[in-house]
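Notes follow once the structure below has been shown.
The values are calculated or read from the model by the stated rules, or taken from the named source; none is laboratory data. Just so it is clear, the structure is predicted and the values come from calculations on it, not from any experiment. Cβ sites come from the backbone with ideal geometry, for glycine too, and all protein chains shown count toward neighbours.
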Amino acid sequence: MVSPKLGIISVLRLVPFLFINNNKSDAASYYASGLHGGSAEVAPFASQKVNLSVYYASLSQPCATFIVKNLEEIFHSDLINIINLQLVPWANAYVNKTNQSIICQNGPDECELNSVETCALNVWNDVSKHYALIYCFEFLAIEGRHKNWKDCFSQLDLPKEPVLNCYTRGNGTEIGKKYINETAPLKSLPLVMVNDESIGKLHAMQPSFGNKFYKR
């Protein structure tokens, strides 16, 4: 058993190195290993997990880099077994008080992707599912192919209907307004918090990926 204190130490030790360019964790090897496999080497106290919250915007390059290149380390190292991971999109967006529409820092495409990601987060309780899908979206964002986000469902063999139904009904946007209240203008993104304490400003390195993760 891993104590909550040791769990916190593990996360805090991990975070400062999350932006180091680790050649062993490129997108291809990540996809090959999968999020659903592997043994659970760390057995946590279920009610005493460490809360790790990531506040981000879907088309922010530093945020995409963190989610794709760095955050996946908690799955490979089994830290996910002692972590409650909470992804919170819509950072630095705001609600237009005149018509109640949402304005996103990086334009309408970001609002769309924020909404879809919000739906994934709320449709699936399985963190490995919604993280895998968001990983795929953000990978496309890094490559400038974010408009192809629907391809991610077939790439990952995930059912698209629940997420698309949520999105077309506007539920992702409505939930997004609640997220916006949590993500008042932030000086830098992503904002990473461990047990409600910010770990400070993060400096991302540019990721270096192969081309095997997605079919071209």
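Tabulated data
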item	result
Sole exception among (1) surrounded by fewer than 19 Cβ atoms within 10 Å (Cβ to Cβ); (2) of a type outside the set (Val, Ile, Thr); (3) not in a helix (DSSP H, G or I) for Pro62, by number	(3)
Cys152, sole failed condition from (1) crowded, with 20+ Cβ neighbours inside 10 Å; (2) closer than 16 Å to Phe66 by Cβ; (3) out of contact with any Pro (no Cβ under 7 Å at 6 or more places or on another chain)	(2)
Enumeration of residues in the range 172-186 that are modelled with pLDDT under 75 and either surrounded by fewer than 16 Cβ atoms within 10 Å (Cβ to Cβ) or acidic (Asp, Glu) (or both)	Glu182, Ala184, Pro185, Leu186
Members of the range 56-74 that are out of contact with any Asp or Glu (no Cβ under 6 Å at 6 or more places or on another chain) and polar (S, T, N, Q)	Ser60, Gln61, Thr65, Asn70
Residues that are touching a Ser or Thr at 6+ places or on another chain (Cβ under 9 Å) and either surrounded by fewer than 20 Cβ atoms within 10 Å (Cβ to Cβ) or in a strand (DSSP E or B) (or both), drawn from the range 65-82	Glu73, His76, Ser77, Asp78
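Per-residue answers, yes or no, for (1) farther than 18 Å from Ile67 by Cα; (2) modelled with pLDDT under 95; (3) not polar (S, T, N, Q):
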| site | (1), (2), (3) |
| --- | --- |
| Leu85 | no, yes, yes |
| Thr118 | no, no, no |
| Asn125 | yes, yes, no |
| Leu133 | no, no, yes |
| Asn165 | yes, no, no |
